[in-house]
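The values are calculated or read from the model by the stated rules, or taken from the named source; none is laboratory data. This structure is a prediction, so every number in the text was calculated from the model and none was measured. Because the Cβ atoms are built from the backbone with ideal geometry, glycine has one as well, and the counts that use them run over all protein chains shown. Just the protein is used for accessible areas: all its heavy atoms, side chains included, with ligands, DNA and RNA removed. Shrake-Rupley method; radii C 1.70, N 1.55, O 1.52, S 1.80 Å.
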Amino acid sequence: MTDIEEKIKRIQQIAQYLQTLEADDAALFSRLNEIPKATVEELLEDYKQVTQNFQPINLLRYEVLNQLQEERPPLSAQDVDFYRERIERKDTDYFLKYGVNVVDGLANHTKKDSFSLYRKQGKHLYFRLLYTLFYRRIESQKIHQTLQDIAETIADELGIEKYKTHHVDFRGSTNMGTLNCWLALFPKNCSSHRHCHHLFITIEAEGLKAGLWSGEQNKPSFEGSVQRFHTYETALAFLKRLKSDYYVWNQRELQLQEKVASVPMEVIQPAVVEEPDVPYEIPAYTQSDAQAELFLSDERFRELLEALHYKQNVILQGPPGVGKTFVAKRLAYTLLEQKDESRIETIQFHQSYAYEDFLQGIRPDGGGNFYLRNGVFYEFCQRARQSTQPFVFIIDEINRGNLSRIFGEVFQLIESDKRGPENAITLTYSEERFYVPANVYLIGTMNTADRSLALVDYALRRRFAFADLSPEFGADFQKHLENQNVSTGVIHKLVDKIKVINEVIHNDRQLGGGYLIGHSYFTHPQEPFQEWYKRIIKLEIAPLLREYWFDQPELAEEYIQFLLKE
């Protein structure tokens, strides 16, 4: 084991210990009651500034330390609740013992909820409030030095010069305690990691996260690539692959700043940036979260998810406006169990999309030469190989592309039983051996109402499970509109009239179920709602109906007037 791996292991051991205290309040309070009296006295010295500079959280910690010093009954959760309740209701009589500064600070404190940040932690509230009393004195300074050593080693391994480092230990970015440490490398000419694109590693109890991340102020321009790893070696290899992006994106940001610098300062509005609670925390996502955003029944969504698990390749097909791409994203999040955009790639096929865009091709470099450039699916598979977690590749409008031309020799590799290195084949341009990892899932979307598209290749149908999506104007859709204050009259008018038109379309022998009008047209209502409804009909639904009945314009106009009639 290398020196860096030893250092990472030591940090992970501390993370595992803190994890046990966070999960078990009894263990937490037992540990607090074991703090040596000498350490308690040192901590009281640190926290006594609260008597001059009022801070609600530190006042609570000061109370806890006083109880530990005075050898009153062992500290318990009830004691902490007692102190917190006194602070929250501004009990100045109780805190008069600490002097007039504390009483004035408490009385004049304007924040409605002094403990809101900590209260968000739910059952972990006590750990977040009190972890500093045992962690801070023991390891904080040592870990900061260790993180600096790791950062310098990574920079050396990557060959990065002229850099700065930023690291956060278990105190977290808001001094509320976390179960991980992280470090970032960023260009020396940047004032902060927030103002540029930085390479980072997060050290957790059970593994590592690593990637390229955009500073908060640059987030719209680059969302970053983040993956989980079991070993330092694999994390480092991933960072090496991101090194060129690190330079490219920071160069672009530097050029952008130079352009902004030429604008008079009086017209530049400073950005307000709020420190995130936990850096790089990716929100969890469950089937319940998906159900809250969709109008599908629980049973139908489970069927789609099971098809994705079973076949690994699913195509969502349906008429315009049924939310095919929206459903695809929610399926992906549910499969990943996180809203982790770094493990999702979304592209759209079109008539000009080619193998060279998708997998690999020869491109000009602008200097009269040519180079081999990897396509989006090739790069996606390379990222997926670095992890054991699932990755989802979404292809919007999959039937708009020339599928044989786009997939080429890789067409066979997307079959669920043709995954892995044992099925690798030689690519056309590079002649390297390529395979699709077993943790890659594909979701395609297909509009069934586009007359310009040819029939889907039967080879594609054999490799994908096909699932139909239909318009959903039921109770969940109507409740969605009610929650946005749309009147009952407008809702009933919309639902009843669209259902009538959809029945006409369904029964038309030249159209059928693949041409129905979907609910997505009506999911973002605007006031005044009557005018909003008419605008959708005139600008979006009417052109669709005229296209459907292009050879019967009088009939199309009759249905349009029916939809607009009060």
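Quick notes on this structure:
- Within segment 337-352, considering residues that are over 17 Å from Asn439 (Cβ atoms) and part of a strand (DSSP E or B), the one nearest to the chain's Cα centre (by Cα): Thr346
- Residues (assigned to a helix (DSSP H, G or I) and within 21 Å of Leu516 (Cα to Cα)) located in segment 286-336: Arg300, Phe301, Leu304, Lys324, Thr325, Phe326, Val327, Ala328
- Residue satisfying all of: in segment 65-83; in contact (Cβ under 8 Å) with a residue 40 or more places away in the chain and not aliphatic (A, V, I, L, M); farthest from Asn33 (Cα to Cα) among these: Ser76
- Meets criteria (over 21 Å from Glu45 (Cβ atoms), assigned to a helix (DSSP H, G or I), open to solvent by 30 Å² or more (accessible area, probe 1.4 Å) and modelled with pLDDT under 75) for Leu117: yes
- Residues in segment 353-382 that are in a loop (DSSP other than H, G, I, E, B) and either at pLDDT 85 or above or crowded, with 18+ Cβ neighbours inside 10 Å (or both): Tyr353, Ala354, Leu359, Gly375.
- Residue count for segment 512-551, restricted to those that are surrounded by 13 or more Cβ atoms within 10 Å (Cβ to Cβ) and assigned to a loop (DSSP other than H, G, I, E, B): 7
- Residue in segment 197-206 that is open to solvent by 40 Å² or more (accessible area, probe 1.4 Å), modelled with pLDDT of 85 or more, closer than 23 Å to Gln145 by Cβ and not in a strand (DSSP E or B) present: no
- One residue from Ile491, Ile560, Ile505, Ile498 being of a type outside the set (Lys, Arg), touching a Lys or Arg at 6+ places or on another chain (Cβ under 9 Å), farther than 23 Å from Glu303 by Cβ and modelled with pLDDT of 90 or more: Ile560
- Test for Val486: is it more than 29 Å from the chain's Cα centre (by Cα), hydrophobic (A, V, I, L, M, F, W, C) and buried (at least 16 other Cβ atoms within 10 Å of the Cβ): yes
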